[in-house]
Structures are given as structure tokens and as C-alpha cells.
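What follows is a short report on a single structure.
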Amino acid sequence: MKPIDMEATKQRYIAFIESCKSIVISSTNEQGVPFISYAPVVKYNEKLYIYISQISDHYYYVDSNEHIHVMMIADEAKSPNVFARERARWVCTTANLGNEGHDDVFAQFDAAFGESMMKLLRGLDFSLFELTPVEGRYVVGFGQAFNVNLSGSMLEHVVVDRKEKE
């Protein structure tokens, strides 16, 4: 296996997460049953932010779980191999910030999704959640998994020694 160009991988990671406008959300209900959903996302100051309706199932599950998992994943139609789709995932802590204040974060949503859309949603029953990544993993192909933080300033190749498991 040829050596991995860590700087090129870092730039690819940053480009990938900047290209994603939504995340897949994994949480659990009150019985611990897994629940999966998605939401549009913005990245700002080393955190992820989602703005979701209070009547949606995932609102309650995100609000009531101390930790959730989130993932960005490449479009399978654009992936050379669906077994090795480019993806990034993080374990996150959650904080419900409500719908007031946080103008800096809402400015990010305006830029990403349009002021008119955000003005409409802000008049509804939506709430802003701050997701703080505590650990992450970026996979870009077979044998190419990396522990990461959101910004990409920490990128460590994950090497599994198969001989230890025998």
C-alpha cells in the first residue's frame, strides 16, 4: 500500500464536509430503540447546527439524548464503490438553543439555505440545536479511515492490526 498523503487527505476531507448541506441523525427513543432521520446543517465555530420542527419525531429524540451520532455521506450515484463511500461521522453532545438570539448562527443558515426560507421557518415551531462533536471518523476508501475533528486540524490514520485479533 502506498503512503497516504495526509495534507491531500485533509484538503479532501474539508472539501467533502463543506459540500454537504445535510446530516443523517442517529438517536434513540425513550425505550432505546434506534431512530434515524436527517436535517439540513450548517458548520460554524467547530460545531454543527440543525434547525428542526418541534412536531417531528427526531426533535424529541435529539432533545432528550445526551449524545447522538451524525453522518455526512457521499451520493452513492457519484461513488466509485458503494462499499467504500466517502463519509464522515461524529458522536455529538446536543444543546437545544431555542429560536431566539444566535443571530450569528442564523446568518449561516441564511447564507446556506436562503433568507426567505429561513424567515418562513423562523415563524414556525422550529428550534435550533447545537451539536458539539466529541469524536469523529472520516472514511474515504478501503484502508483509509481517519479519526478527525470537525475542522480537520486533527486527522489521524486508523490502522487496525488484524494479527492481534487472531
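The values are calculated or read from the model by the stated rules, or taken from the named source; none is laboratory data. Please read all numbers here as calculations on a predicted model, not as lab measurements. For neighbour counting, all protein chains shown are included, and Cβ atoms are generated from backbone atoms with ideal geometry for every residue, glycine included. Side chains included, ligands, DNA and RNA excluded: accessible areas come from the protein's heavy atoms. Shrake-Rupley method; radii C 1.70, N 1.55, O 1.52, S 1.80 Å.
Of all the accessible heavy-atom surface of the chain, with the other protein chains kept in place and a 1.4 Å probe, what percent is carbon and sulfur? Display every interim value, and only then the final one.
Details: 5130 of 9860 Å².
That share works out to 52 percent.
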Cα extents of segment 73-166 along the three principal axes, largest first (Å)
57, 30, 23
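Taking the Cα centre of segment 1-90 as origin, work out the dipole magnitude from +1 charges on Lys and Arg Cβ and -1 charges on Asp and Glu Cβ, in debye rounded to 20.
On the way: 10 positive and 11 negative charges, 77 e Å.
The calculation lands at about 380 debye.
Stretch residue 107-residue 159 to full length: gain in nm at 0.36 nm per residue minus the Cα-Cα span?
Values: separation 52, 0.36 × 52 = 18.72 nm, distance 3.97 nm.
Using 0.36 nm per residue and subtracting the Cα-Cα distance, I get 14.7 nm.
Taking the alpha carbon gyration tensor of the chain, what are the square roots of 5 times its eigenvalues, largest first, to the nearest whole Å? Present the calculation step by step, with values, prior to reporting the outcome.
Numbers: eigenvalues 188, 71, 39 Å².
The equivalent ellipsoid of the chain has semi-axes of 31, 19, 14 Å.
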What helix-only [θ] at 222 nm does the chain give? Using -39500 (n - 2.57) per DSSP H run of at least 4, over all residues, to the nearest 500, the answer is -7500 deg cm²/dmol
Using a cut-off of under 15 Å, list every residue of segment 37-55 whose amide N is near the label point 7 Å from the Cα of residue 69 along the Cα-to-beta-carbon line.
37-38
Residue 44/residue 78 FRET efficiency (R0 25 Å; Cβ-Cβ; nearest 0.05)
0.45
Considering only C-alpha atoms, what is the centroid distance from segment 108-125 to segment 36-64, in Å?
14 Å
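Sort the following peptides by mean Cβ neighbour count (other Cβ atoms within 10 Å, averaged over residues), highest first: 104-116, 145-157. Walk me through the numbers on the way to the answer.
Details: 104-116: 14.6, 145-157: 16.3.
So the peptides 104-116, 145-157, ranked by packing, come out 145-157, 104-116.
Given a 1.4 Å probe, how much area per residue of segment 1-155 is accessible, in Å²?
On the way: 8600 Å² over 155 residues.
The answer is 55 Å² per residue.
I'd like the FRET efficiency for residue 122 and residue 33, computed as 1/(1 + (r/R0)^6) with the beta carbon distance as r and R0 of 45 Å, rounded to 0.05.
Details: r = 32 Å, r/R0 = 0.70.
Efficiency, from the Cβ-Cβ distance: 0.90.
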Can you find, among 138, 42, 97, the residue sitting farthest towards the positive end of the charge dipole of the chain, where Lys and Arg contribute +1 and Asp and Glu -1 at Cβ?
138
